[in-house]
1. What is the stretch 132-246's relative contact order, in percent, from Cα pairs under 8 angstrom and six or more apart in sequence?
2. How large is ³J(HN,Hα) for each residue in the stretch 163-174, as worked out from phi by the Karplus curve 6.51 cos²θ - 1.76 cosθ + 1.60 (θ = phi - 60°), to whole Hz, x for Gly and Pro?
3. Across the stretch 193-383, how large is the tail of the calculated P(r) beyond 25 Å, expressed as a percent of all Cα pairs?
4. Using a 10 angstrom cutoff on alpha carbons, build the Gaussian network for the chain and name the most mobile of Lys75, Lys25, Lys152.
5. What are the ³J(HN,Hα) couplings of the stretch 275-289, residue after residue, when phi is run through the Karplus curve with 6.51, -1.76, 1.60 and θ = phi - 60°? Round to Hz, x for glycine and proline.
6. Quick one: how many lysine pairs in the stretch 1-82 have C-alpha atoms under 30 angstrom apart, if they're 8 or more apart or on different chains?
7. If only Cα atoms are counted, what is the Rg of the stretch 4-184, and what is its Dmax, in Å?
8. Output the 0 to 90 degree angle, nearest 10, between the alpha-carbon long axis of helix 68-95 and the longest principal axis computed from the alpha carbons of the chain.
Amino acid sequence: MKNNNILQNLYLKQFNQSNAIAYNKDFVSNPRDYNFQLLDNAYRNAGKIYAQIKIAIETNKCQSEHCALELAQIKQLEEAPQASLDFLSSIIAELNVTEESSFDPNNNYQYTVANSLMTAKPGFSKTDGYNAYLNLLPDGSQEIAFTGPLFKKQVNTFLNDEPITIEVEDPLVINSAALQALADSDTSLVVSTPDIGSDMQRLLTEVGLFDLDSIGEDKQLKASAKISEEFIVRNIDGSYDYEIIDLGGGKGKNILKFDLEKIEKKVSPFINAEAAGLMSSEQDVIAAWNVYISKDTSVDEDAQTAQDANAGNTSWIYELDLPLEYDKKVLFEIKYKQYFMNNYLKQFTTNQPPTIKEDAAVFDLAEAKRAQAQKFLDDNNLN
């Protein structure tokens, strides 16, 4: 069963992209207030407090010895405006992740709602019941709180000894000190899904399957790139050992055979190293797993399809699955290799035509089978 974050995130994405609200008569006929006045409300009394503390210091009426506390408060108030701007900038950057095409809907959906407030999306105004508050805290840190219709949760309780479920306020609160601590430890509040497509394209040029002339100056494979000859299957006499494809109508054609075992042995160390590198951020691993790896979803597929396809029982939950257990790490490495082989490498080992022009021509299947039989007799002295 899809968890609530997935359901809400996919709904919010569809709602924000559908333009449906433009056809809501109530919305288009009334003004909407998106001015949350974060800074105005936060600093409404700051000037008065600052003046009072200044007077206490100048008149030697401080409550602390040597006015230590008051001097600290003055310093805190003087630095607060820039701290607020930095805090809000960090918040906006984190919340913007929810708009990325590869955003993992297993992230907390409240961050998507908060981003809708901060970016003034239709349906998320003060008029619609939403609000945001910036608060200056006594310890010098700051917090932002988001409230509104989608910032609620279900709670089980009792009424007259009967169990009931009620809806209560569940504001999203983010503290500036906590956010900075996350940033200092290279941890994201809202995780951005790794660019698996770019990683895989780069891997193709690094695994040693392609000659250097197949790699362009941009470090990408050329359109004409082909796997090196050493990985193509040959007969004992050095000729190519083709696979025959039935085209119908009694006709067929040759395609190259590749030594897939040799190829996998060649690429495995590179893929394992790449997967190990991702493990340095386990939340990135979960995002990659949920959006792409768990069900071999191609990066070329529509992002909505990719998210929905991976939104079932295969999803890993950030709150429950971090830190990752050993078996999940092993499973990720296995599936990561399969993902590379199936979505990126397979195109170079499937239906590849012969490099010899004469062998690439369409031929009569019956004649080919007779020729194969005769070759077997000749090779084994059975004529």
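1. Working: 108 pairs, mean separation 16.1, N = 115.
Value for the stretch 132-246: 14 percent.
2. x, 9, 10, 10, 9, 10, 5, 9, x, 8, 10, 10
3. Percentage above 25 Å: 50.
4. Maximum among the listed residues: Lys25.
5. 5, 5, x, 5, 5, 5, 10, 5, 5, 5, 4, 5, 4, 5, 4
6. Numbers: Lys2/Lys13; Lys13/Lys25; Lys48/Lys61; Lys48/Lys75; Lys54/Lys75; Lys61/Lys75.
So the count of such lysine pairs works out to 6.
7. Rg and Dmax of the stretch 4-184, Cα atoms, are 20.7, 65 Å.
8. With rounding to tens, the tilt is 30 degrees.
Only the coordinates and a few stated rules stand behind these numbers; no lab work does. Everything numeric here is computed off the predicted structure, so don't read it as measured data. Here the Cβ is made from the backbone with ideal geometry for all residues, glycine too, and neighbour counts use every protein chain on show.
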